[in-house]
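Report on the structure given below.
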Amino acid sequence: MGSRTLTIDTATSACSVALFEDGKLIANDYEEIGRGHAEKLVPMIAQLPNKGHAKQIIVNCGPGSFTGVRIGLSAAKALAMAWQAEICGYQSLHLVAAQALNEMEHPSPVFVTMLGGHGEYFVQNFDEHGNSMDDLLSLAPEAALLNTKAKHFAGSAALSLSALTSGVTEHSVLPNAANFDLLPKTYGYLPPTPVYGRAPDAQPAQQV
């Protein structure tokens, strides 16, 4: 058995796992489930060859749902401790950009827009090589449109946002752990810390 990497993605409404050996995908599973990642993830991993055992674990750190991000990170850290494995992370919008670019016949800049909270979208622009052109933001739809630098929209909010403007193409897509190898190396091995994209809904009580 060669060097194996387990990839975990639970940050969005999709739940996916993938097992790579020497950089080659050997097994994976993907489902769009909405909720229930905690119940779905462990059986998914258990069905992989050798129950997904790997020397390296890579996990989607967000942004996405607060619960989904925490589930993925918690599982990855627990397995890394049990297997004495290295753990790294990647971000949702980086992978969505890479997936969208991979499906273009002639890659061009892409505006990734993912469903966030409170009616806002997580947005970020990427060039034709998958490199970020600006910072991750959480914006209302109208503000998101003012922030775009591309004519191709990709992500879970691509269809709804493209309906508010004209002259753009769209690609509705969620991150999939099996596509981890599409990421530029710069974005594939980040620290395994949560990326929420906005402040948490709950705020500490004010002292009086």
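The values are calculated or read from the model by the stated rules, or taken from the named source; none is laboratory data. Bear in mind that the values here come from a model prediction, so they are computed numbers and not experimental data. Reconstructed Cβ throughout: ideal geometry from the backbone, glycine too, with neighbour counts over all protein chains shown. SASA here: full protein model, heavy atoms, side chains in, ligands and nucleic acids out. Shrake-Rupley method; radii C 1.70, N 1.55, O 1.52, S 1.80 Å.
From Cα pairs below 8 angstrom and at least 6 apart in sequence, can you work out the relative contact order of the stretch 43-97, rounded to a whole percent?
With pairs under 8 Å counted, the relative contact order is 42 percent.
Roughly how many Å² of Y30 are accessible to a 1.4 Å probe, to the nearest 10?
Estimated to the nearest 10 Å², Y30 gives 70 Å².
Starting from the residue with the highest accessible area, list S172, S138, S132 in decreasing order, probe 1.4 Å.
Output order, biggest surface exposure first: S172, S132, S138.
Could you tell me how many degrees, from 0 to 90 and to the nearest 10, lie between the Cα long axis of helix 92-102 and the main elongation axis, the longest principal axis, of the Cα atoms of the chain?
80
Return the whole-Å distance between the Cα centroid of the stretch 94-114 and the Cα centroid of the stretch 136-153.
Using only Cα atoms, the two centres lie 15 Å from each other.
Which value does Rg/Rh take for the stretch 92-138 over its C-alpha atoms, Rh per Kirkwood?
Rg/Rh for the stretch 92-138 comes to 1.00.
State to the nearest 20 debye the size of the charge dipole of the stretch 83-201 about its Cα centre, where the only charges are +1 on K and R beta carbons and -1 on D and E beta carbons.
Computed about the Cα centre, the dipole is about 60 debye.
Counting residues in the stretch 26-82 as N, plug N into 2.2 N^0.38 Å and put the Cα Rg over that result.
Compactness ratio reported: 1.11.
If I fit a long axis through the Cα atoms of helix 66-83 and take the longest principal axis of the Cα atoms of the chain, what angle between them do I get, 0 to 90°, rounded to 10?
20
Estimate the FRET efficiency between A27 and S172 by the formula 1/(1 + (r/R0)^6), using the beta-carbon distance for r and 30 Å for R0, to the nearest 0.05.
Taking R0 as 30 Å, the efficiency between A27 and S172 is 0.70.
About the Cα centre, and with charges only on the beta carbon of Lys, Arg (+1) and Asp, Glu (-1), how big is the dipole of the chain? Nearest 20 debye, please.
For the chain, the charge dipole is close to 540 debye.
If you take the Cα atoms of the chain, find Rg, then find the Kirkwood Rh from the mean of 1/r over all pairs, what is Rg/Rh?
0.99
Within the chain, what's the longest stretch lacking GluC sites (Glu not before Pro) that sit in DSSP loops with no more than 12 other Cβ atoms inside 10 Å?
That would be 106-208.
Hey, which lysines would be in cross-link range of K51, C-alpha to C-alpha under 22 Å, not counting anything within fewer than 8 residues on its own chain?
Once the sequence-local lysines are set aside, what remains near K51 is K24, K40, K77.
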